[in-house]
């Protein structure tokens, strides 16, 4: 399994920077997990091959690139882009994004080959397929209905929390998974912003340490993503000072093989 976190933040010279405003993981060049920067940072190969987009929740930093991705490919699609999401997320997309006021309602449009999008709803605590991947959705603790995923390609298996605060169900469910190849976790805010993290249902390094104790010693690499770019250096420093499991920082643009 190959995984890449697409760039979403750029330096003064226009090149991608390590910061991360938006979330979009591409697996094996074929499936996007969230679509924050998909329309802006996808390569020509991604545009040719990605026809499955799987969403954790409907916050803007996880869906911002989806309308642009569909728009760019509209005339060329030979099959619809399948949007795998919880019913509540699909409702938000149709009501608040693809509503003709913000962007065209692609579910009502076709090109010469037929529909350009297809909604594929999944309930929490369900298993489904997206392209060649087997995916299990597990509810997490965010400000809006959200899920994390356990994703398998038949050889490797990874777990992604998505945006979350303290939780138990996700850890209880992933405890049943053997031979996890990697865990991707969030850590949005530094410890000094614990109150804001609590209100917005995100984690700080101190709270993440408690969550990783629930995950246990699994001999599984842990990577941290979803760090607010304005606080990136502080969060990384605080993560490095943790006792117990110290997550590595998931590098933007790097292709990881599991």
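Of the peptides 139-152, 91-104, how do they stack up when ordered by the mean number of other Cβ atoms within 10 Å, highest first?
Result, highest mean first: 139-152, 91-104.
Return the distance in nm (one decimal) between the two label points of a simple spin-label model at residue 194 and residue 134, each offset 7 Å from Cα along Cα→Cβ.
Reported label-point gap for residue 194 and residue 134 is 4.1 nm.
Distance from a point 7 Å along Cα→Cβ of residue 76 to each backbone N in the stretch 14-33: keep the residues under 20 Å and list them by number.
Zone members listed by number: 26-33.
Given labels modelled 7 Å from the Cα in the Cβ direction, how far is it in nm from residue 111 to residue 28?
Placing both labels 7 Å along Cα→Cβ, they lie 2.4 nm apart.
Among 88, 15, 107, which one shows the biggest mean-square fluctuation in a GNM of the chain, springs joining Cα atoms closer than 10 Å?
For the chain, modelled as a Gaussian network with Cα springs under 10 Å, the answer is 15.
Take the Cβ-Cβ distance between residue 9 and residue 246 as r, set R0 to 35 Å, and report the resulting FRET efficiency rounded to the nearest 0.05.
0.90
So how do 230-238, 187-195 stack up, highest first, on mean other-Cβ count within 10 Å? It would help to have the intermediate numbers written out before the result.
Details: 230-238: 16.7, 187-195: 19.0.
Per-residue mean Cβ counts within 10 Å order the peptides as 187-195, 230-238.
What order, most packed first, do the peptides 19-32, 63-76 have when packing is the mean number of other Cβ atoms within 10 Å of each residue?
Highest to lowest by the protection proxy: 19-32, 63-76.
Would you mind getting me the FRET efficiency between residue 230 and residue 91? Use the beta-carbon distance for r and R0 = 30 Å, nearest 0.05.
Calculated transfer efficiency: 0.45.
Enumerate the residues in the stretch 79-111 having an amide nitrogen under 12 Å from the point lying 7 Å beyond the Cα of residue 21 toward its Cβ.
Correct set: none at all.
Read the figures in this text as sums done on the coordinates, not as results from a lab. As the structure is a computational prediction, the values presented were derived from the model and not from experiment. Every residue, glycine as well, gets a Cβ built from its backbone with ideal geometry; the counts of neighbours run over all protein chains shown.
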